[in-house]
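Following: one structure in structure tokens, then a few remarks.
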Amino acid sequence: MELIDFHTHWFRRELVNPTLVEFLEDNNPSFMQRIDDFASGPRASVDYFKSQGVNYAVVLPEYAPATSAFVSTEDVVKHCQGEDMLIPFASLNPNTDPEPAVRLEHYVKDYGVKGLKLLPSYQFFYPNEARLYPVYAVAQRLNIPVVFHIGSSKFKGTRMKYCDPIYLDDIAVDFPDLKVVMAHSGRGFWYDRCFFLSRFHKNFYMDITGLPPKNLLRYFPELDSNGEKVVFGSDWPAMPTGIRENVEVIKSLPISSKTIEGILYRNAEKILFDS
């Protein structure tokens, strides 16, 4: 079965917020080792993804230096350059970018990025603020998806009030053709809201990154009824297990083969490649 990993990262140690480095060294030392192992260039990432059965991997920047990291769009584009299986996204910060909509258009047209990642709880803004609307207008016009971090986090300085999925409802109404992906699917507080929004709005999707696959039916008992709106993400290199291990758990769930194929490939394919 083909596989698109819709949520991976690339880091260098010096780009990670010092408080996060300290947290990770205490709680997930394997993550820090992976950062060092994969920092030299894309070959290690590509070889690993291929070993896990991944056909394409979305690589996300992290423009949130106050809480997590300052991995720029330029860093990610450079990392992905020349590797067809690596799909670079952009990251913008509305509190520091004076013209984020202009910058996004530049990233798409001149750098070839295929989507945008925003982190409200790390960057401190509500998704439905009017100042973000020019960014959404550009993304809708250029037909690229916007991924929002929507879920809890233990990182120091996180303000979770900003990633309540209810604020995305305004975006769905005002930008009906914008593709929106809710990363982490409301992890912790808001599983039901993300599930409802993804069923209710035609272009809304749930990204199940960071959720133990064995618990998916506990979080989303009616998952099979929403099989066309869910995409797989590993959060590599932050995940504690291998990608293939999580994929096998998803394949073993008592849901339809159509839903499994949608989660692992078809839904992400539609978001990324349908014109």
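Each Lys or Arg adds one and each Asp or Glu takes one away; over the other residues whose Cβ falls under 14 Å from the Cβ of PRO29, this sums to -3. Here's how it looks for MET206: its modeled amide H is under 5 Å from those of MET182, VAL230, VAL231, which are all 5 or more places away or on a different chain.
In this simple spin-label model, placing a label point 7 Å from the Cα along the Cα-to-Cβ direction at both ASP84 and GLU2 gives a separation of 1.2 nm.
Rounded to the nearest whole Hz, the Karplus-based 3J(HN,Hα) values (6.51 cos²θ - 1.76 cosθ + 1.60, θ = phi - 60°) of the range 51-63 follow the sequence 5, 9, x, 7, 8, 9, 10, 6, 10, 9, x, 9, 8, with x at glycine and proline.
Of [x] 1.84; [y] 0.92; [z] 1.01, which one was derived for Cα Rg over 2.2 N^0.38 Å from the structure shown? Here the calculated entry is [y]. The alpha carbons of the range 76-167 give a radius of gyration and a Dmax of 13.7, 39 Å, in that order.
Calculated on the alpha-carbon coordinates, the convex hull of the range 18-122 measures out at 111 cubic angstrom per residue.
With each label modelled as a point 7 angstrom along the Cα→C-beta vector, the ALA130-ALA39 pair spans 4.4 nm.
Taken one residue at a time, the phi angles of the range 102-110 give Karplus couplings (6.51, -1.76, 1.60, θ = phi - 60°) of 5, 5, 4, 4, 4, 4, 6, 6, 9 Hz. Gly and Pro are set to x. Extension gain, GLU269-ASN95: 0.36 nm per intervening residue step, less the Cα-Cα distance, totals 59.5 nm.
In plain terms, the residue of LEU92, LEU3 with the fewest other Cβ atoms within 10 Å comes first and the most crowded comes last, giving LEU3, LEU92. For the range 4-273, relative contact order (Cα pairs under 8 Å, six or more residues apart, normalised by length) works out to 18 percent.
3J(HN,Hα) along the range 231-248: 10, 8, x, 9, 6, 3, x, 7, 5, x, 10, x, 4, 4, 4, 5, 4, 5 Hz, from the Karplus curve 6.51 cos²θ - 1.76 cosθ + 1.60 with θ = phi - 60°, whole Hz, x for Gly and Pro.
Each residue, PHE23 and GLU222, gets one label point 7 Å from its Cα in the Cβ direction; the gap between the two is 3.4 nm.
Only the coordinates and a few stated rules stand behind these numbers; no lab work does. Since the structure is predicted, the reported quantities are computational estimates derived from the model, not experimental observations. Glycine also receives a Cβ, built like all others from the backbone with ideal geometry; neighbour counts cover every protein chain displayed.
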